[in-house]
């Protein structure tokens, strides 16, 4: 049986070996790929093919631990009430189910050789930190892991990490009045240390501001994001495409602007689908409400200027947005069969 191909990339069939809840809203899923799993660097993730509202899509999930366990990859999936459908699809998998997955990929790999490390996790952001904590322990590197959640029941892997790390692990539970102070945490980090962060947008923004205020090298603040959250709850909104005569397309609350544009055959380049590469950026001509920038590509100043938006993750709230994709009509290209059109991206 040949391997499935998803937009030019090879995916593997995998069997769900086991499923278990490790927190009140986090489920671990073990996936046995059709061929022996490959070793992977810290911070790696799997892309998983999902079906949302009858349409194919891809979601990314960080791998738990620093290596496969007994022939299986492990991912952790949070229950997200306002999910666009990916987490619900993956959480519905049961032992024996089939899934289509990529080989491990990493854009968040640990760089060794620093005198000190600070790992910061918020909520489901603990997932890539489990492997990093194991790797730094094995290499004998000095580090702290700060783990914040709203309730104690949401602290996934806390027992395993406490046993491994002892006082190198600090837990912060906001419902108990114990909140993470990111400024203080950065002040405790060695001047040449490195910070790795995975968590919600507010935590990431606070860390970036604190890091800049202290004049620390920007390349030593590294973060992982799958852009699942923003400053506002997602809602449907209209997008008007200026370069198509003001054509109006509705973006549903559970779909991205990129999805809606592609469904409507609007040409937009794309690749990472995580708000990191910037390939899907389009010009913003007019905003009636507010823009909810969820990317990590644009600077704070660029986001505040509202002249550009990354269609793969960012949204509008409270009104329509008018964009210009940068593409211009090419009658010969438009006349080609749709199957011959080349898209940039993973799925």
task = For residue 239, indicate whether it is farther than 30 Å from residue 129 by Cβ, in contact with a strand residue (DSSP E or B) (Cβ under 7 Å, 6 or more places away or on another chain) and at pLDDT 95 or above.
result = yes
inquiry  = Please verify whether residue 121 is crowded, with 16+ Cβ neighbours inside 10 Å and touching a helix residue (DSSP H, G or I) at 6+ places or on another chain (Cβ under 9 Å), treating the condition exactly as stated.
reply    = yes
ask   = In segment 280-318, which residue that is farther than 22 Å from residue 248 by Cα and in a loop (DSSP other than H, G, I, E, B) is modelled with the lowest pLDDT?
value = 296
inquiry  = As an exercise: evaluate residue 28 against (1) in contact with a helix residue (DSSP H, G or I) (Cβ under 7 Å, 6 or more places away or on another chain); (2) part of a strand (DSSP E or B) and give the number of the one condition it does not meet.
reply    = (1)
query = All but one of (1) in contact with a helix residue (DSSP H, G or I) (Cβ under 8 Å, 6 or more places away or on another chain); (2) crowded, with 20+ Cβ neighbours inside 10 Å; (3) modelled with pLDDT of 95 or more hold for residue 268; which doesn't?
reply = (3)
query = Can you find a residue in segment 185-192 that is out of contact with any helix residue (DSSP H, G or I) (no Cβ under 8 Å at 6 or more places or on another chain), closer than 22 Å to residue 23 by Cβ and in a loop (DSSP other than H, G, I, E, B)?
reply = no
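Being in contact (Cβ under 8 Å) with a residue 12 or more places away in the chain, more than 23 Å from the chain's Cα centre (by Cα), in the same structural domain as residue 216 (by TED's automatic domain parsing) and buried (at least 17 other Cβ atoms within 10 Å of the Cβ) is true for just one of 165, 201, 171, 197. Which residue is that?
Exactly one residue qualifies, and that residue is 165.
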query = Do you know which of the residues in segment 232-255 that are under 17 Å from residue 312 (Cβ atoms) and touching a helix residue (DSSP H, G or I) at 6+ places or on another chain (Cβ under 9 Å) is surrounded by the most Cβ atoms within 10 Å (Cβ to Cβ)?
reply = 251
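The values are calculated or read from the model by the stated rules, or taken from the named source; none is laboratory data. Computed from a prediction, not measured in an experiment: that's the story for all the values here. Please note: Cβ atoms are built from the backbone with ideal geometry, for glycine as well, and neighbour counts cover all protein chains shown.
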